[in-house]
Amino acid sequence: KPVPPMKTVPVAVAPRPKTASRSRVPLIVIDPGHGGKDDGATSSRGLLEKDLNLDISKRLKRILETRYGYKVILTRMDDTFIPLEERGEIANEKNADLFVSIHVNAAKRRSAHGIETYYLGVANSEQAQETAARENGELVHSVKDDQVQQILASLISTTKINDSALLAVRVQERLHSKMRKKYSGVKDL
């Protein structure tokens, strides 16, 4: 069943982020999670996460390009499987200013509902660690050298992580604020 079109909501235009070169348009890479052989979560009505992620990502791309003038690339434009490690490589190869992966979740409990925003960083809780391990799969264990893993862990706690945390907080606040107007019971997770 196709996803019904979203209503357009007017949003105040935010200033463009400052970049090293003022003449360069920021590049955002959006990753519609899952795809191809990887369905992701399935709703009680059979909606696949991979399809919803792609739909949301295409809509977000259109908004970011037309409303804000950003350059946007999607890691996939159709129902294609792209291994996890290649998704980040796409952003790195293009020298992206921002990498955003879009995911939705499903739960068997009807009472489970809410909005979560994650960012790359050190997992602070057991639940966050479990989510990171589940979502990152074999990438977590791809480097066997303990010393290299320590160096990589150290690099994670740089300014980029702080910037990511600030952006994640803003995204979470806006998503929750907008969604609770339409769905009063939505939880800020």
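The values are calculated or read from the model by the stated rules, or taken from the named source; none is laboratory data. Note that the coordinates shown come from a computational prediction; the quantities given were computed from them, not determined experimentally. Note: ideal-geometry Cβ built from the backbone for every residue, glycine included; neighbour counts use all protein chains shown. Just the protein is used for accessible areas: all its heavy atoms, side chains included, with ligands, DNA and RNA removed. Shrake-Rupley method; radii C 1.70, N 1.55, O 1.52, S 1.80 Å.
So here's what we get for this one:
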item	result
Meets criteria (among the aliphatic types (A, V, I, L, M), outside any helix (DSSP H, G or I) and modelled with pLDDT of 90 or more) for Ile82	yes
Every residue from region 99-138 that is modelled with pLDDT of 90 or more and open to solvent by 60 Å² or more (accessible area, probe 1.4 Å)	Phe99, His103, Glu116
Residue ID - farthest from Ala106 (Cα to Cα), chosen from residues in region 37-93 that are among the small types (Gly, Ala, Ser) and touching a residue at least 40 places away in the same chain (Cβ under 8 Å)	Gly69
Some residue of region 45-55 being surrounded by 11 or more Cβ atoms within 10 Å (Cβ to Cβ), part of a loop (DSSP other than H, G, I, E, B) and modelled with pLDDT of 85 or more	yes
Selection from region 148-170 of residues that are open to solvent by less than 60 Å² (accessible area, probe 1.4 Å) and at pLDDT 75 or above	Ile161, Ser164, Ala165, Ala168
